[in-house]
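The values are calculated or read from the model by the stated rules, or taken from the named source; none is laboratory data. Everything numeric here is computed off the predicted structure, so don't read it as measured data. Here the Cβ positions follow ideal geometry from the backbone for every residue, glycine too, while neighbour counts run over all protein chains shown.
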């Protein structure tokens, strides 16, 4: 029943789907694969499909079950390889095209594709690494239900994000999404990440890396001469 209750909430409040983006990837979870069509309430709006349609929907969902798990900070190490796989990227590119039987049941909101696109930048940031393979500063924050960040920590995370072009772009995209997560004032922070001040921090970090690389190269050259 949990699956259908969540779907009902999604359908009933589709006008504010941006606030439900976190729910969207949850309701198409493994719970959907364990529910009988007989459990479906007769009064549920939009539930027009047959039991055969429901079974076909389950079969289609099974192919992408690993793509619709809900990530948490403690599961990112196992979640991200699945999220980044070709199979899951194909699903995110055209979710409704790959689960057509689910659409015919009437259980999935017509805006589901848009909902997936809304939450996708957040999940991309959660799995994004910087140029040397470290998680981006906001990777775990964006998928927590609540996180308190004091001004100093927030400033540090923003400036650290500026030092990596990969993290900066991923964070901008996540903050631009309409998904609700625990960062307030996302628009202002997004503008800072786009600012010249942030880009200058990035340029400074790049210059430092170049200088460090040159020093290492010179050091190795000198060692080879002796």
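Okay, here's what the table says:
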item: Filter result for the condition that a residue is modelled with pLDDT under 75, under 26 Å from the mean Cα position of the chain (by Cα), surrounded by 13 or more Cβ atoms within 10 Å (Cβ to Cβ) and assigned to a loop (DSSP other than H, G, I, E, B), over 145, 182, 202; result: 182
item: Subset of the stretch 121-142 [within 25 Å of residue 195 (Cβ to Cβ) and in a helix (DSSP H, G or I)]; result: 121, 122, 124, 125, 126, 141, 142
item: Selection from the stretch 148-174 of residues that are outside any helix (DSSP H, G or I), in contact with a helix residue (DSSP H, G or I) (Cβ under 9 Å, 6 or more places away or on another chain) and more than 15 Å from residue 195 (Cβ to Cβ); result: 149, 164
item: So residue 76, is it assigned to a helix (DSSP H, G or I) and in contact with a strand residue (DSSP E or B) (Cβ under 9 Å, 6 or more places away or on another chain); result: yes
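Okay, residues lined up against (1) modelled with pLDDT of 75 or more; (2) surrounded by 18 or more Cβ atoms within 10 Å (Cβ to Cβ):
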position: 40; (1), (2): no, yes
position: 57; (1), (2): yes, yes
position: 85; (1), (2): yes, no
position: 104; (1), (2): no, no
position: 129; (1), (2): yes, no
position: 134; (1), (2): yes, no
